[in-house]
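Q: Starting off with a structure, shown below.
The values are calculated or read from the model by the stated rules, or taken from the named source; none is laboratory data. Source: prediction; values computed, not measured. With ideal geometry, Cβ positions are generated from the backbone for all residues, glycine too; neighbour counts draw on all protein chains shown.
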Amino acid sequence: MSGQDDDRTLVERMARGDRTALATVFDRHAAPLTRGAWALAPTPDAARALVEDAFVSLWDHAADVRLVTLSLLPWLLAACAGSASRAVPGDPLRYVRADLAATSEDDRALCERCVVDGRSYAEAARELGYVPSVPTGTARSGRASRKAVTRDGL
Amino acid sequence: MDSEPPQGDDLRRLLVTMKQDVLARATPRRGPRRRRSGIAIGVVTALLLGAAGGSVALGLIPGQEDRASAPAATATTEPMPTRSPDGAPVVDSPSPTPTPTPTPTATRPPYASDDPRTWTISGTEVGPVALGGAVTEETDDLTAAFADDSNCPNPNVSWWTADGRTPIIVLGQNGVVTGIAVGDFSADQPGPTTAEGLGVGSTLAELRAAYPDLTPVTGADGQVASGTPAWTIVRQGHHITFSMRPDTTVTGSVWVSDEAQEPYEFCG
């Protein structure tokens with residue numbers, strides 16, 4: 001167990017009930033996710049609720065999460081966007097674009113589909129041509145694992 | 001919304017409180033129950049944690065805006081909204097009846113598995129160790145910061161120590177964590193604290209100021225123990241009990257459990 005584990009490994013650890021993994025994921029993604037949620041919610045309290053609910057949803061469904069890319073941020077942003085009660089004016093990614101600039105092209109494409117176009121994470125993954133992968137028992141980092149997707153093929 | 005996202009200290013404070021909420025809402029997963037085989041090694045460590053009825057520790061919990069995570073209709077890989085429509089907070093109704101907890105104001109460092117000073121004591125957990133979780137899985141998370149002291153002959157108790165750190169004692173029954181103690185009444189050392197920053201070394205006056213619902217723990221005779229009096233609060237349906245060092249008003253141990261009374265001995 002390490003704070004340096006990649007997001008896929010952390011998801012697998014959460015699926016096994018490891019709450020330190022959830023804490024690590026929170027530390028890693030909460031700040032950009034909060035910025036992202038700020039554009040999706042009408043009030044600060046609503047933004048906070050979106051962020052918290054996204055992490056709790058991740059914890060609750062960790063066993064079923066299959067990442068398309070190495071980062072959980074698109075999944076978390078998709079969760080926030082899916083829970084947002086209504087459309088808000090302006091670019092919904094405006095506060096998080098600086099964070100996304102440091103992510104992969106695939107991550108950015110996923111975020112655009114999920115947050116801007118209103119797709120679910122699975123829909124975005126399918127539209128972008130990612131193929132579901134069989135979940136592994138152990139975490140693997142690197143390019144070979146990059147295309148991990150959804151167990152249900154959604 | 002019109003306002004810009006928080007930055008700097010404002011963001012940091014927000015993240016701290018959100019993290020506490022998220023971890024409080026992340027219910028432990030119940031693994032298969034296993035009784036620890038527990039080979040007693042070494043000498044029996046008869047540790048007296050309190051006198052005249054036992055020690056009690058009070059604990060507290062983040063206790064703010066506890067929201068229930070609504071169950072998802074189906075388990076899919078999709079990000080799923082979990083908030084109930086009205087986002088209504090769920091308030092546990094333990095005994096004694098808790099009163100609203102003051103909003104934590106202290107800024108805590110980010111959680112680190114190898115630094116117990118960053119761990120939060122809540123009604124459901126101490127850092128990575130959660131009530132109701134499998135002992136082996138929960139205590140496994142302590143190894144980044146502590147070593148298991150195998151001298152305790154009680155197979156249901158594991159005693160975790162490290163130089164310069166407040167020890168952690170985990171009590172289990174049928175392989176499930178039923179109690180977590182922070183501190184063993186020895187000298188103050190850095191360790192986990194509540195969201196309000198209180199723990200081993202905190203004075204009774206500090207506890208009273210932070211927790212209006214602080215309640216004395218009484219023995220069978222209805223009296224507070226004279227040697228190591230203890231006070232408790234209830235958070236998320238569980239007790240957090242602060243036990244004083246003998247004949248002092250300084251916390252020597254913090255106990256998280258369904259039982260308000262911390263065991264008089266763990267290994268005896």
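Q: I need the full set of residues from segment A:29-78 which are more than 7 Å from chain B (Cβ to nearest Cβ), closer than 17 Å to residue A:115 by Cα and part of a loop (DSSP other than H, G, I, E, B), in order please.
A: Those that are more than 7 Å from chain B (Cβ to nearest Cβ), closer than 17 Å to residue A:115 by Cα and part of a loop (DSSP other than H, G, I, E, B): A:39, A:40, A:67, A:68, A:69, A:71, A:72.
Q: Looking only at segment A:1-28, count every residue that is among the small types (Gly, Ala, Ser) and in a helix (DSSP H, G or I) and tell me the total.
A: 3
Q: Then there is this: Here are some residues: A:64, A:53, A:7. Which one is in contact with a strand residue (DSSP E or B) (Cβ under 9 Å, 6 or more places away or on another chain) and touching a residue at least 24 places away in the same chain (Cβ under 8 Å)?
A: Answer to the check: A:53.
Q: I'm trying to understand the selection: among the residues of segment A:87-99, which are without any contact (Cβ under 8 Å) to a residue 60 or more places away in the chain and either touching a Phe, Trp or Tyr at 6+ places or on another chain (Cβ under 9 Å) or closer than 10 Å to residue A:36 by Cβ (or both)?
A: A:92, A:93, A:94, A:97
Q: Please find, among A:102, A:84, A:63, A:122, the residue that is touching a helix residue (DSSP H, G or I) at 6+ places or on another chain (Cβ under 8 Å), at pLDDT 75 or above and under 28 Å from residue A:38 (Cβ atoms). Show your work before the answer.
A: Details: A:102 fails: touching a helix residue (DSSP H, G or I) at 6+ places or on another chain (Cβ under 8 Å); A:63 fails: under 28 Å from residue A:38 (Cβ atoms); A:122 fails: touching a helix residue (DSSP H, G or I) at 6+ places or on another chain (Cβ under 8 Å).
Every option except A:84 fails the conditions.
Q: Could you check residue B:78 against (1) in contact with a Ser or Thr (Cβ under 7 Å, 6 or more places away or on another chain); (2) within 11 Å of chain A (Cβ to nearest Cβ); (3) at pLDDT 85 or above and say which number it fails?
A: (3)
Q: What single numbered condition from (1) surrounded by fewer than 21 Cβ atoms within 10 Å (Cβ to Cβ); (2) facing chain B (nearest Cβ under 8 Å); (3) within 19 Å of residue A:24 (Cα to Cα); (4) at pLDDT 90 or above fails to hold for residue A:95?
A: Answer for residue A:95: the failing condition is (3).
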